[in-house]
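What follows is calculated from the coordinates using simple rules that are stated; it is not laboratory data. Being a predicted model, the structure only gives us computed values, none of them experimental. In this analysis, Cβ positions are derived from the backbone assuming ideal geometry, glycine residues included, and neighbour counts consider all displayed protein chains.
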């Protein structure tokens, strides 16, 4: 999205570079300027939120905000020199647009009393009494989001899939595998026997692998040797279809420190788990906005990674 002399982009909290950038903006605005305690600002909810970041023409970060799965907008922060220039409006529009695409009936926020006018101009209505949050007076606000009609709804519909617990995540994973045409990317720091091991999932993986000359399943595993020792069924499938199903292992320290897991198919679908060992995340059947940065991350790590040589010792 391009507005005036700045731009707004999606930020990926799981990427250290994006995470540090978001936290730096929030430190300057909330901690240094407004005196919010760091422990209060770092509330532990960021991994489950969708983040946006504003940059000036030179690429310098100038603002950020987030949207939580609880339909709540928060951490709206714009650097002092950029206030009053439309940055906050652009960030708010991106978050509202995302909420509309998810089909949510409303979004809420806790506005600092001094910013109520700003949110009212964006269509929000204040309700309830003024309350204290981190030493600053706030008031609750909400914006009703009537469902879009006709083709506009279809254009904004990302096909969001629930992924808040193990059962939902497994169902989302199977759905995305079933909709894959020929190409699939899987990033799995951990590979337990609940993931990519069920009969339905393996059938879909096999279908993709034999779907044609352009078929390609690329998998990044931090510890393929452990999967091999545990007789994971995905490894057995790789033994039978080595030309279409390729496995590599990251070797650089920064890559091995990556703690998230995700699946990306070739129609814009994704499943993202902020913590690979926890089955809570977010997923959608066709969301290129989120899919693109994850695909870029996968491709970059793939190029740096090494073939899983321990598999070849068994003539795989």
Legend entry - Cα shape, the stretch 2-150, gyration tensor, a/c 1.5 rule: rounded
Legend entry - For semi-axes √(5λ) of the Cα gyration tensor in Å, calculated from these coordinates, the label among [x] 37, 21, 17; [y] 40, 21, 17; [z] 31, 23, 19: [y]
Legend entry - q = 0.12, 0.17, 0.18, 0.19 Å⁻¹, the stretch 198-316: log10 I(q)/I(0) [Debye, one scatterer per Cα]: -0.46, -0.98, -1.11, -1.25
Inset, instruction - Count the DSSP beta bridges whose two residues both fall in the stretch 158-299, then state the antiparallel fraction as a percent rounded to the nearest 5. - result: 55
Inset, instruction - Determine the distance separating the Cα centre of the stretch 182-231 from the Cα centre of the stretch 42-100; give it in Å without decimals. - result: 35
Legend entry - the stretch 1-79, relative contact order in percent, only Cα pairs under 8 angstrom and at least six apart counted: 32
Legend entry - Most fluctuating residue given options 223, 81, 20, as computed from a GNM of the chain linking Cα atoms under 10 Å: 81
Inset, instruction - Could you list the residues of the stretch 252-288 with an amide nitrogen less than 17 Å from a label point located 7 Å from the Cα of residue 190 in the Cα-to-C-beta direction? - result: 256-263, 272-282
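Can you sort 64, 214 by how many other beta carbons sit within 10 Å, fewest first?
Details: 64 26, 214 10.
Listed from fewest to most nearby Cβ atoms, that is 214, 64.
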Inset, instruction - Among DSSP beta bridges lying fully in the chain, give the percent that are antiparallel, nearest 5. - result: 80
Inset, instruction - Determine the relative contact order of the chain: mean sequence separation of Cα pairs under 8 Å and six or more apart, normalised by residue count, in whole percent. - result: 14
Inset, instruction - May I ask for log10 I(q)/I(0) of the stretch 182-230 at q = 0.13 Å⁻¹, from a Debye sum over the Cα atoms as equal point scatterers with solvent left out? - result: -0.33
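Indicate, rounded to the nearest 5 percent, the antiparallel portion of the DSSP beta bridges found entirely in the stretch 1-160. Walk me through the numbers on the way to the answer.
On the way: 32 of 34 bridges.
Bridges in the stretch 1-160 are about 95 percent antiparallel.
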Legend entry - Folded to 0 to 90 degrees: helix 166-179 orientation relative to the chain principal axis, Cα: 70
Legend entry - Binned Cα-Cα distance frequencies in the stretch 199-252 - 10 Å width, integer %: 24, 53, 21, 2
Inset, instruction - Could you work out how far helix 16-26 tilts from the main Cα principal axis of the chain, as a 0 to 90 degree angle to the nearest 10? - result: 10
